[in-house]
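Just below is one structure, and these are the notes that go with it.
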Amino acid sequence: MDERLVEEFCRIAGAENVLREPIKLLTYECDALPHLRQTPALVVLPGSAAEVQAIVRLCGEEGVPFVARGHGTGLSGGALPVPGGVVISLARLNRVLDVDIPNRRVTVEPGVTNLEITRQVAPYGYYYAPDPSSQQVCSIGGNVAENSGGAHCLKYGFTVHHILAVEAVLPNGQLVQIGSPLPDAPGPDLLGLIVGSEGTLAVVTKVIVRILRKPESVQTLLAAFDSISEAGAAVSDIIGAGIIPAAVEMMDAVAIRAAEAAVHPNFPPADTILIVELDGPSSEVRELFAVVEDTCRRAGATTIEVAPDEAQRMRIWKGRKAAFAAMGRVSPNYYVQDGVVPRTKLPEVLGRIAALSQRSGLPIGNVFHAGDGNLHPLICYDERIPGQATLAEEVAGEILTYCVEAGGSITGEHGVGADKKDYMPRMFSDDDLDVMQRLRDAIDPRRLCNPGKVLPTPRLCGEVPGPYRQHPVEAAGLADRF
Amino acid sequence: MIAASMRQGSAGDAVDGVVPRHVAEPTDANELAATLQAASRDTQTTVLRGSGTKLGWGRTPSVVDLVVSTAKLNTLLIHRHGDMTATAHGGVTLAQLNRELARHGQWLPIESAFDAATIGGIVATNDSGPVRHRYGTPRDLLIGVTLALTDGRLVKAGGHVVKNVAGYDLGKLVSGSFGTFGAIVDATFKLLPIPQASATLDASYDDGEVLARDAMRVSTSQLEPMAFDVMLDGAQYRLRLLFASSPEAVSAQVDSARRLLSRPSTVVTGDPEMDVWTDQVRSPWAGTGAVIRFGWLPAKLAEITTLMHDVSQVAGSIIMCGRVSVGAGLMRVDGDVGTQAALVQRLRSSVWVGNVAVLRASPDLKQHVDVWGPASSSAGATRALKNMFDPAGILNAGRGPI
């Protein structure tokens, strides 16, 4: 990047907030999908919305591509830099601007972490509902970009259900409000389009989130089963009884073994473990929890553990949430997939995955949000064995095909990003994708805003999906994968 | 351009008093798309219509060349009851859909004041009722759409699963779009189980501040009503709380809620309970007065009751129904056009109130006020999208909100 342009960025954000030394750029080469890497020309850390606006304008004038980045915990390469481009890190925009308990909302800058919002309002008995596993470190701006979910979205929905409005810089440099602090702003739901657009339509500079009153009661049980089909039947029966649990999670034997090796949650020996959590008014939870217990028993549960207190509840969740990173204990490398199937297709698709595991010779662990059919198969392999990395990639892709064939989706929460854009044609027709591209061009005609993400382009040399590698924030014990 | 399914417009087809030249009633998705393509090619000003229950919402059109009705696209395509999702044509009515879903103990938790309201119209207006308190508006339940576009293409977004972040969410974009981007061929929703039991608490007040204090007590409690509404009708104020859950949980919550309220309340169940909520949904639409939609900061309910009291002194008969925790309401004002227009201005100048839109208005009132109010700072982006989807500018032309 030429000196004149670098000086312009320095003038906007201050020289100390413009990074160009190779060693400093290293941090920004990838997000939590480390096999996709690209060195940006420059990283700018603006300190205000006006600075973000000036940076985007300058990029527009000079034709420089830009990629907004929160705290780099994304799992689909959504914050992967563009060669010769600028990374706009929103890490310095990390102020909580307003905590409004009477109106149940909090206004924050995008670099505030997800959990910080709950920390701010917890003393008043409130919380922010979306809870991705990286919530200790992930930024709310990133959550908006990815429409992040979490374990509790079966009952509470995703980020898009909890955002009232954002302030954002559009690719043309305009600073706008999208959505409204008050309900029923006339017109199309532009906010719903921006949330989940993976940073391709705008750079968010302020977010107003809705907070919820903490439920009066939370009850969690862990049920052990001899087969995944029995556990699946229990899930169907619970939901068939008209109960919407706060969370329904399933782990198979491979995942249980890994979790035990890593964090010793002391799960009972089982082929499959089901975790069911109910929350709400005490009377409701008490009444329905008995139904859930009974349903699990009738479906063939060999053991049922009800968490008697918060510490035991946390133990169960720790075992569940550690399952991804724990795969490292049982396999040299593994590949985390994220796909969705209609809940009733779970047994069929899990059967196909088991057969695929047999056929390929690669063990596949399954940890998933059973309530909403969101699968996270963990494909184990050893990259030292020639051909296994490629085989694992093929297996991962095959699983997405099963998901699409079952009427599901290629991603439930990790996003398309750079990682899965070439799978989009499996789910959408050429016309569907063309309209999405034209929509994007209408907002970003110069194609400078996070280019190369979401929509398919011919794959670049060397850009292949690859093994899971531990992210620095995981190594530091700050986050788990989901 | 006269297709097989096209006929001359008549007075019954009028859009806000303007009789369309033609009315098309395509019988399948391809014909719908082809109709829009032809209209776009010939720059025919086109209004999309479901059952027409909300067709008057918006600015008065200067001319309507074509009304495209989805009345014949009225098949409930699939109810995947095990997955709790359903896909229906845009022309299916909400009532018809919920009747079918109830056979498996499920429902789409949306209410409409209008019996004939269609799925397509509900999505296009993002219209909702009291259970919005728990379930949000249609956009929160919509998980997939198929759209017919003015270039003749059928495109889809989202899908059949409740959790899905692949691609741009065009379903959100058409929510509240008033048919300005394309026609909703079909929509897929996540569904909910019909609660086993329910009961409603109905409490009346003669003092807005007392009502607001009670409302705040309920809001800050850990009670979880399905609907939490206010109704202001003359000097009579009401709080209405719907509890729906398992039988024991309903009665326990009703008891707790009664203890929080400072005024005596009635517990209503069964058919009378249905009547309470029908009343809550339909009252703003009774009669012929102007109906105004507006939002407020939820903690400012006392100020809202004062404002309503003040305007009723000037405007005479008004009725207001709204969602306490969301801060969303509808107000009906009878009286003459001058009074109605003054009221709209009054609401728009209030610091507590925002997003004031006049949904039902006489042509005369529409001459006096802009029904949508000031445009948002993001209107430029919305217009760019409009130009992309509808380059000829035929869809809902000039009627707004964009």
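The values are calculated or read from the model by the stated rules, or taken from the named source; none is laboratory data. Computed from a predicted structure; not experimentally measured. Heads up, the Cβs are rebuilt from the backbone with ideal geometry, glycines too, and the neighbour counts pull from every protein chain shown.
I'd like to check something: does the range A:63-82 contain any residue that is closer than 26 Å to A:Glu413 by Cα, among the aliphatic types (A, V, I, L, M) and over 20 Å from the mean Cα position of the chain (by Cα)?
Filtering the range A:63-82 for residues closer than 26 Å to A:Glu413 by Cα gives A:65-82.
Among the residues that remain, those that are also among the aliphatic types (A, V, I, L, M) are: A:67-68, A:75, A:79-80, A:82.
Narrowing further to those that are over 20 Å from the mean Cα position of the chain (by Cα): A:82.
So far as the range A:63-82 goes, yes, one or more of its residues are closer than 26 Å to A:Glu413 by Cα, among the aliphatic types (A, V, I, L, M) and over 20 Å from the mean Cα position of the chain (by Cα).
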message = B:Arg399 - would you say it is within 14 Å of chain A (Cβ to nearest Cβ), basic (Lys, Arg) and not in a helix (DSSP H, G or I)?
response = yes
ask   = Looking at (1) closer than 28 Å to A:Tyr423 by Cβ; (2) in a helix (DSSP H, G or I), can you tell me which one A:Leu80 breaks?
value = (2)
Residue ranges of strands (runs of 3 or more DSSP E) in the range B:58-148 with at least 2 members touching a residue at least 60 places away in the same chain (Cβ under 8 Å) and within 14 Å of chain A (Cβ to nearest Cβ) = B:76-80, B:85-89, B:142-148
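Just to be sure I understand, how many residues within the range B:380-396 are facing chain A (nearest Cβ under 9 Å) and under 21 Å from the mean Cα position of the chain (by Cα)?
Within the range B:380-396, the first condition is being facing chain A (nearest Cβ under 9 Å), and the residues that meet it are B:380-382, B:384-389.
Within this subset, residues satisfying the condition of being under 21 Å from the mean Cα position of the chain (by Cα) are B:382.
So the count comes out to 1.
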Failed criterion for A:Leu278 (all others in (1) surrounded by 19 or more Cβ atoms within 10 Å (Cβ to Cβ); (2) within 14 Å of another protein chain (Cβ to nearest Cβ); (3) more than 23 Å from the chain's Cα centre (by Cα) hold) = (3)
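Quick check, is B:Lys366 more than 8 Å from chain A (Cβ to nearest Cβ), closer than 15 Å to B:Leu173 by Cα and either in contact with a strand residue (DSSP E or B) (Cβ under 7 Å, 6 or more places away or on another chain) or among the charged types (D, E, K, R) (or both)? Please lay out each step first, then the result.
Numbers: more than 8 Å from chain A (Cβ to nearest Cβ): yes; closer than 15 Å to B:Leu173 by Cα: no; either in contact with a strand residue (DSSP E or B) (Cβ under 7 Å, 6 or more places away or on another chain) or among the charged types (D, E, K, R) (or both): yes.
Considered against the rule, which asks whether it is more than 8 Å from chain A (Cβ to nearest Cβ), closer than 15 Å to B:Leu173 by Cα and either in contact with a strand residue (DSSP E or B) (Cβ under 7 Å, 6 or more places away or on another chain) or among the charged types (D, E, K, R) (or both), B:Lys366 comes out as no.
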key: Count of residues meeting criterion [within 23 Å of A:Val203 (Cβ to Cβ) and not in a helix (DSSP H, G or I)] in the range A:103-122   = 9
task = Select from the range A:332-356 the residues that are out of contact with any helix residue (DSSP H, G or I) (no Cβ under 8 Å at 6 or more places or on another chain) and not in a helix (DSSP H, G or I) and write down the one among them that is farthest from A:Ile410 (Cα to Cα).
result = A:Pro332
task = Among the residues of the range A:123-144, write down those that are in a strand (DSSP E or B) and either over 16 Å from the mean Cα position of the chain (by Cα) or under 21 Å from B:Ser325 (Cα atoms) (or both).
result = A:Tyr126, A:Tyr127
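If we keep just the residues of the range B:154-191 that are among the aromatic types (Phe, Trp, Tyr) and part of a loop (DSSP other than H, G, I, E, B), which is nearest to the other protein chains (Cβ to nearest Cβ)?
Our first condition is that a residue be among the aromatic types (Phe, Trp, Tyr); within the range B:154-191, this holds for B:168, B:178, B:181, B:189.
Okay, now just the ones that are also part of a loop (DSSP other than H, G, I, E, B), so B:168, B:178, B:181.
On the way: B:Tyr168: 5, B:Phe178: 8, B:Phe181: 7 Å.
Per the stated criteria, the residue is B:Tyr168.
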key: Residue tally, condition more than 14 Å from chain B (Cβ to nearest Cβ) and under 14 Å from A:Val235 (Cβ atoms), over the range A:341-373   = 2
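Listed here are the residues, each with its yes/no results for (1) closer than 13 Å to B:Leu395 by Cβ; (2) at pLDDT 95 or above; (3) surrounded by fewer than 18 Cβ atoms within 10 Å (Cβ to Cβ).
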{"site": "B:Ala24", "(1), (2), (3)": "no, yes, no"}
{"site": "B:Thr53", "(1), (2), (3)": "no, yes, no"}
{"site": "B:Val63", "(1), (2), (3)": "no, yes, yes"}
{"site": "B:Gly82", "(1), (2), (3)": "no, no, yes"}
ask   = So, of the residues in the range B:323-346 that are of a type in the set (Gly, Ala, Ser) and assigned to a strand (DSSP E or B), which turns out to be nearest to the other protein chains (Cβ to nearest Cβ)?
value = B:Ala328
note = When restricted to B:Phe189, B:Phe178, the only residue at positive phi and either among the acidic types (Asp, Glu) or at pLDDT 95 or above (or both) is B:Phe178
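Per-residue answers, yes or no, for (1) within 12 Å of chain A (Cβ to nearest Cβ); (2) out of contact with any His (no Cβ under 9 Å at 6 or more places or on another chain); (3) part of a strand (DSSP E or B):
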position: B:Ser198; (1), (2), (3): no, yes, yes
position: B:Leu201; (1), (2), (3): no, yes, yes
position: B:Ser204; (1), (2), (3): no, yes, yes
position: B:Glu209; (1), (2), (3): no, yes, no
position: B:Asp214; (1), (2), (3): no, yes, no
position: B:Val218; (1), (2), (3): yes, yes, no
position: B:Leu223; (1), (2), (3): yes, yes, no
position: B:Asp229; (1), (2), (3): no, no, yes
position: B:Leu232; (1), (2), (3): no, no, yes
